[in-house]
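Here the structure is laid out as structure tokens; the discussion comes afterwards.
The values are calculated or read from the model by the stated rules, or taken from the named source; none is laboratory data. From a predicted model like this one, the values you see are computed outputs, not experimental measurements. Here the Cβ positions follow ideal geometry from the backbone for every residue, glycine too, while neighbour counts run over all protein chains shown. Note: areas computed on protein heavy atoms with side chains; ligands, DNA, RNA excluded. Shrake-Rupley method; radii C 1.70, N 1.55, O 1.52, S 1.80 Å.
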Amino acid sequence: MRILVLSDIHANLEALETALAAAPEYDLVWNLGDLVGYGASPNEVVNLSRKLGTFFVRGNHDKACSGVSSLEGFNPIAAAAAMWTMHQLTPENLEWLRALPRGPVKPREVEGALCVHGSPLDEDEYLIQLRDAVQPLSQSQVPVIFFGHTHIQGGFATDKKEWVTIRPTYDGDEKSERLEMQLLPRAHYLINPGSIGQPRDGDPRSAFALFDSNKSTITFYRVPYNIKAAQQKIHAADLPARLAQRLAEGH
Ligand code: ZN
């Protein structure tokens, strides 16, 4: 089974369309949440995501933008974007976002994988550094847990003797690139495909991953997209200018 793993699209239609066009052949899509919030195309992104598949985990922005959670803990820019998004969403898409499942969610089609937005122990927790991953990896019952939320491509792994941080290193940032990683039989992994619509690991290219469950490989992808077009929509929508600026910075 070849699974396209997407996360943190954040209403960036330009990035999502370009990533899909660059993606290899796949059987399924797993979406790790934060479809909306920050970007200017919430309905378009929800509509397209719903066409791609049926597997979703809710993100903190999906909750805030659909009224499942309050805006408490959101910075002023994120809160302003969430309010704007809530007003833009169609009643049907609002209802659909409200019904998204809380992680962790176990995919039915593939053994040995689990999907979450933040952490398997807390859907809103950020796994940023290796020490954040020690507890979830120690308690993991499956070889691979897919997570998002940090917008940082890579993840963490352990064979219970060594603990490592995974950060794909690419040649440059002008072209599409990919890096394949073999999963080792006795190790446990936390894998972040990166963010489709608002990368924060210093690389502004759209990020995603392909999980080949037969070959036990993860392939990380980075794809340049039309950042200017996404920025123009953010400005035209009167969303905070910082949301446009950070797309070009990848932070
Ligand atoms: Zn996010």
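Per-structure values
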quantity: Cα pair distances of the stretch 2-249 binned at 10 Å [whole percent]; calculated: 8, 35, 38, 17, 2, 0
quantity: Calculated [θ] (222 nm, deg cm²/dmol) that DSSP helices of n ≥ 4 give over the chain, each run adding -39,500 (n - 2.57); calculated: -9000 deg cm²/dmol
quantity: Full-stretch length increase - SER216, LEU121 - with 0.36 nm per residue and alpha-carbon distance subtracted; calculated: 31.7 nm
quantity: For the chain: lysine pairs under 29 Å (alpha-carbon distance), excluding those fewer than 8 apart on one chain; calculated: 17
quantity: Contour excess over end-to-end distance, with Cα ends at SER138 and VAL164 and 0.36 nm allotted per residue; calculated: 8.0 nm
quantity: Dipole axis of the chain (+1 Lys, Arg; -1 Asp, Glu on Cβ), positive-most option in TYR225, LEU121, VAL36; calculated: LEU121
quantity: For the stretch 2-249, accessible area per residue (1.4 Å probe, heavy atoms of protein chains only), Å²; calculated: 44
quantity: Percent of beta bridges antiparallel (DSSP, the chain, rounded to nearest 5); calculated: 70
quantity: Label-point separation, GLU72 to LEU130 (7 Å along Cα→Cβ), nm; calculated: 3.6
quantity: Accessible carbon and sulfur surface of the chain relative to its total accessible area, %, 1.4 Å; calculated: 49
quantity: More than 18 Å apart - percent of Cα-Cα pairs taken over the stretch 1-59; calculated: 24
quantity: Segment ALA99-SER176, length gained on full extension (0.36 nm per residue, minus Cα span); calculated: 24.2 nm
quantity: The stretch 1-146: C-alpha gyration tensor shape, a/c 1.5 cut-off, then a/b vs b/c; calculated: oblate
quantity: By accessible area with a 1.4 Å probe, ligands and nucleic acids excluded, highest first: order of ARG2, ARG205, ARG167; calculated: ARG167, ARG2, ARG205
quantity: Cα gyration tensor shape of the stretch 82-222, rounded if a/c is under 1.5, else prolate or oblate by comparing a/b with b/c; calculated: oblate
